[in-house]
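Below is one structure, written out as structure tokens; the observations come after it.
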Amino acid sequence: MDKFVVTGGTALKGEIPTNGSKNSALPALAAALLTEETVTLGRIPRVRDIRTMQRLLVDIGAQVDIDGTTVRLTTPQIASPEAPYELVKTMRASSLVLGPLVARCGRARVSLPGGCAIGARPINLHIFGLEQLGARINQAYGYIEAVAPDGLRGATVNFDRITVTGTEDLMMAAVLAKGETVLRNAAREPEVSDLADLLTKMGARIEGAGTSEIRIQGVDRLHGAEHTIIPDRIEAGTFLIAGAITGGDLTVTDCAPGHLEALVSKLQQAGAEVTQPSATAMRVRVLGKLRSVDMTTEEYPGFATDLQAQYMALMTQAEGIAIVVETIFENRFMHAQELARMGANIRLEGRQAIVA
């Protein structure tokens, strides 16, 4: 797909379903490496990062069977505990196989995928945590090599800052470690809780997922399980904003309203009517002119950084001035210049954008 041609001026109306969460599916796929038995995952979205992760798992030794949005993975043995650069150069989530590989076979060699357009996503917190669990780490020539020939051991890991993939990676490593592991200042995102639910179904002993302190009691082995991935809250939120920005009447189905409270609050403050017709659906309508509302991105349960660009576009159509502050990634205002090319009045001042 070289380009999209969009003809605007039409209000979005009707219903649209939500796919499974990509950011939940990626660690779930990696978690299948922790057992030799079959792990069946439902509601896997069909996106490029998922295909890349599946190819990586096949290289590592997994047998992957895809039936629509259901994926069955069986890894009887680890053939090659390595994630090469050629395969993961476009996928930031490649680091998620680091913890499972070290936990299961005592070693891993994972390529760093390189720079990220929206800002730095350092892997140092993953490395720090694995070292706390007893792994020896060597970083050279763009690869991270982790070795724990005698297995990992439980420890208390205090993250300097909140990291979603770091929390997930360490949680997967700790489920097969000897003794108790405590993750403090852990990420509270729904995707972390979803991974914990899968690992628990596989036989892991995890408490506190969804809070800032997670406790994991290591077990000797995990077994197969079946699990359905949670709805993609970023996709659902994007649809809600699309309904609002076009002055439409849109119902987003198959979603998790509880994961969208920060966005819904801002939409309602801006003058949109947001209702919940069922436990898994949200309806957005705009009957009048939108009002400008300031917003600051934060870790969950705050306003998601992945919805910041969509929200800024919404504010270009609102009355008044809105200040949008980005606290997660330092380069996540690149879309502002493209909106300005379309006539938006946006002024950037460091990590804040003033939208008039």
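The values are calculated or read from the model by the stated rules, or taken from the named source; none is laboratory data. Predicted model, so just to flag it, every value in this text is computed and none were measured. Heads up, the Cβs are rebuilt from the backbone with ideal geometry, glycines too, and the neighbour counts pull from every protein chain shown. When the accessible area is computed, the model is the full protein with side chains, heavy atoms only, and any ligands, DNA or RNA have been set aside. Shrake-Rupley method; radii C 1.70, N 1.55, O 1.52, S 1.80 Å.
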Could you work out how far helix 233-245 tilts from the main Cα principal axis of the chain, as a 0 to 90 degree angle to the nearest 10? 10 degrees
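Quick check on the chain: helices-only [θ] at 222 nm, where DSSP H runs of length 4 and up contribute -39,500 (n - 2.57) each and the sum goes over total residues. Nearest 500, please.
Rounded to the nearest 500, the figure is -8500 deg cm²/dmol.
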With the full set of protein chains in place, find how many percent of the accessible area of region 187-340 is carbon and sulfur; take the probe as 1.4 Å. 46 percent
Taking the solvent-accessible surface of protein heavy atoms with a 1.4 Å probe, what is the per residue accessible area of region 200-347 in Å²? 46 Å²
Note down the accessible area of Met53, probe 1.4 Å, to the nearest 10 Å². 0 Å²
Label assignment, semi-axes √(5λ) of the Cα gyration tensor in Å derived from the structure, set [x] 38, 29, 16; [y] 38, 21, 19; [z] 63, 25, 15: [y]
Taking 0.36 nm per intervening residue step and subtracting the Cα-Cα distance, what contour gain separates Val219 from Thr69 on full extension? 51.0 nm
Give me the dipole magnitude in Debye, nearest 20, for region 174-294 about the Cα centre, with unit charges on the beta carbon: positive for Lys and Arg, negative for Asp and Glu. 220 debye
Nearest-ten-degree value, helix 22-31 long axis tilted from longest Cα axis of the chain: 0 degrees
Out of all Cα-Cα pairs in region 69-227, roughly what percent, to the nearest whole number, are more than 26 Å apart? 22 percent
If the reach is capped at under 13 angstrom between alpha carbons, list the aspartates and glutamates near Lys89, excluding any in the same chain fewer than eight residues apart. Asp49
Heavy-atom accessible area per residue, region 86-195, 1.4 Å probe: how many Å²? 39 Å²
